[in-house]
Amino acid sequence: MFDHTKQQSDTLRLTRRPAADRGRANFGWLKSVHSFSFGQYYDESHMGFGNLRVINDDLVAGGMGFGEHPHRNAEIFSYVMGGALEHKDSMGNGSVVSAGGVQYMSAGSGVTHSEFNPSKTDEMRFLQVWLLPEVENTKPAYDTINLSTADKDGQLKLFLSRDGRDGSMKSQADASVYAATLDGGQTITTILKEGRKGWLQVADGTLHVNGLDLLKGDGLAIEGAGTLTFDQGENAEFLFFDLAL
């Protein structure tokens, strides 16, 4: 369920999605936590948020992974938190993305791919996110980006957008996706405009958003318009989504 604790600023409405309330799956080699309905976890009140459909926090054992499987009409990215992620697909792409990197796939009219942990011994953690495209059945595409520590340090780093601005990867979804780290006395402010909605996902650590305390794994649904202030971070790393309504 969503936490009933809400904060308001300007016309903003902030609703916390507590980490402990997410869906969970344990397959031995894979431990996954679902912010929205996925696989065997179904909750009609958590089917997504705007055009954000999936956020899975996945921990994959050494030498294991997801065998070849198909996707259509989904914008999918993997934000690697620890270890490395090896990808192969029917477009002929093959890559290994390490912690700090992001891989992106626009499934469009159809693509098959596989994802594996190339280490035989070390676990690999990543956030897998699905967004809905504005137009279906487009030509599939693949891209990667590496985000340095400095890129995210105390600031929102854009890495995925509809128009590919500021060196970000270009997506078919009407969404701008940012990564940031926050610690000590650092503060980040941004404005959510009218006609948009936002989601924040805490990947690590803790922080405050407009005075609301967020913990590792928490999500935050943001509706309305106004100024967002991120502060009081303790080893915090998070994703911020500026989404279509």
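The values are calculated or read from the model by the stated rules, or taken from the named source; none is laboratory data. Bear in mind that the values here come from a model prediction, so they are computed numbers and not experimental data. Cβ coordinates were reconstructed from backbone atoms using ideal geometry, including for glycine residues, and neighbour counts include every protein chain displayed.
Contact map, segment 45-60: first residue over 25 Å from Ser98 (Cβ atoms), second residue among the charged types (D, E, K, R), Cβ cut-off under 8 Å, separation 6 or more or different chains; pairs are His46/Arg17; Met47/Arg53; Phe49/Lys197; Gly50/Lys197; Asn51/Asp174.
Residue-by-condition table, conditions (1) exposed (fewer than 15 other Cβ atoms within 10 Å of the Cβ); (2) among the hydrophobic types (A, V, I, L, M, F, W, C); (3) in contact with a helix residue (DSSP H, G or I) (Cβ under 6 Å, 6 or more places away or on another chain); (4) outside any strand (DSSP E or B):
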| position | (1), (2), (3), (4) |
| --- | --- |
| Tyr104 | no, no, no, no |
| Gly108 | no, no, no, yes |
| Ser119 | no, no, no, yes |
| Phe126 | no, yes, no, no |
| Trp130 | no, yes, no, no |
| Asn137 | yes, no, no, yes |
| Asp143 | no, no, no, no |
| Asp151 | no, no, no, yes |
| Leu158 | no, yes, yes, no |
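Here Lys152, Lys170, Lys193, Lys197 are screened, and the one residue that is touching an Asp or Glu at 6+ places or on another chain (Cβ under 6 Å) and modelled with pLDDT of 95 or more is Lys197. Taking the condition buried (at least 17 other Cβ atoms within 10 Å of the Cβ) and either in contact with a strand residue (DSSP E or B) (Cβ under 6 Å, 6 or more places away or on another chain) or free of Cβ contacts under 8 Å to residues at least 12 places away in the same chain (or both), does Gly198 pass? Yes: the conditions hold for Gly198. Filtering segment 175-193 to residues that are surrounded by fewer than 20 Cβ atoms within 10 Å (Cβ to Cβ) and either in contact with a strand residue (DSSP E or B) (Cβ under 7 Å, 6 or more places away or on another chain) or not basic (Lys, Arg) (or both) leaves Asp183, Gly184, Gly185, Gln186, Thr187, Thr189, Thr190, Ile191. Within segment 38-54, restricting attention to residues that are among the small types (Gly, Ala, Ser) and either under 14 Å from the mean Cα position of the chain (by Cα) or over 17 Å from His71 (Cβ atoms) (or both), the residue that is surrounded by the most Cβ atoms within 10 Å (Cβ to Cβ) is Gly50.
On the given criteria, is Ala99 of a type in the set (Gly, Ala, Ser) and touching a residue at least 40 places away in the same chain (Cβ under 8 Å)?
no
So that you can scan it fast, the table gives a plain yes or no per residue for (1) closer than 21 Å to Leu147 by Cβ; (2) part of a strand (DSSP E or B); (3) not β-branched (Val, Ile, Thr):
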site	(1), (2), (3)
Gly185	no, no, yes
Asp204	yes, yes, yes
Leu207	yes, yes, yes
Ala221	no, yes, yes
Thr227	no, yes, no
Phe230	yes, yes, yes
Ala236	yes, yes, yes
Leu239	yes, yes, yes
Asp242	yes, yes, yes
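Is segment 84-96 home to any residue that is surrounded by 19 or more Cβ atoms within 10 Å (Cβ to Cβ), in contact (Cβ under 8 Å) with a residue 60 or more places away in the chain and not in a loop (DSSP other than H, G, I, E, B)? No - not one qualifying residue is present in segment 84-96. Please work out if Ala221 is within 21 Å of Pro18 (Cα to Cα), of a type in the set (A, V, I, L, M, F, W, C), in contact with a helix residue (DSSP H, G or I) (Cβ under 8 Å, 6 or more places away or on another chain) and surrounded by 17 or more Cβ atoms within 10 Å (Cβ to Cβ). The answer is no for Ala221.
Among the residues in segment 64-71, are any surrounded by 20 or more Cβ atoms within 10 Å (Cβ to Cβ), within 27 Å of Leu147 (Cα to Cα), touching a strand residue (DSSP E or B) at 6+ places or on another chain (Cβ under 6 Å) and at pLDDT 95 or above? No, that holds for no residue.
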